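Since the structure comes first, as structure tokens, the remarks are kept for the end.
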Amino acid sequence: MSAPLLSVIVPAKDQAPFIRDSMTSLTRQFADPSVLEIVLVDDGSTDGTGQLAAAFGGRLPGLKIL
């Protein structure tokens, strides 16, 4: 596997109302979203932020959730 073209770090805590828009925006940045590495740092969310972001794993193959 080659290195990603772009790495994006997304810090998030209790961002469920906004995380879908953020992840959708990232899917639209490149014609081939596999060139992205996205590291979402879920800092103890209690509102399902991490689970909502994880739903984008199929559209963002470089998504990692910590």
Kirkwood hydrodynamic radius of the chain, Cα pairs, Å: 11.8 Å
query: What number comes out for the charge environment of Thr46, summing +1 per Lys or Arg and -1 per Asp or Glu over other residues with Cβ under 12 Å away?
result: -3
- prompt: Around Gln15, which amide H atoms from residues at least 5 apart in sequence, or from another chain, sit under 5 Å from its own amide H, with H modelled in the peptide plane?
  reply: Thr49
query: Any idea what the relative contact order of the chain is, in percent, if you count C-alpha pairs under 8 Å spaced at least 6 apart?
result: 42 percent
- line: Per the helix-only model, the chain has a calculated mean residue ellipticity at 222 nm (DSSP H runs of ≥4, -39500 (n - 2.57) each, divided over all residues, rounded to the nearest 500) of -7500 deg cm²/dmol
- prompt: Once both axes come from the Cα atoms, what is the angle between helix 16-27 and the longest principal axis of the chain, in degrees from 0 to 90, rounded to 10?
  reply: 0 degrees
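Bear in mind these aren't lab numbers, they're just calculated from the coordinates by the rules spelled out. Given the structure is predicted, the values throughout are model-derived calculations rather than measurements. With ideal geometry, Cβ positions are generated from the backbone for all residues, glycine too; neighbour counts draw on all protein chains shown.
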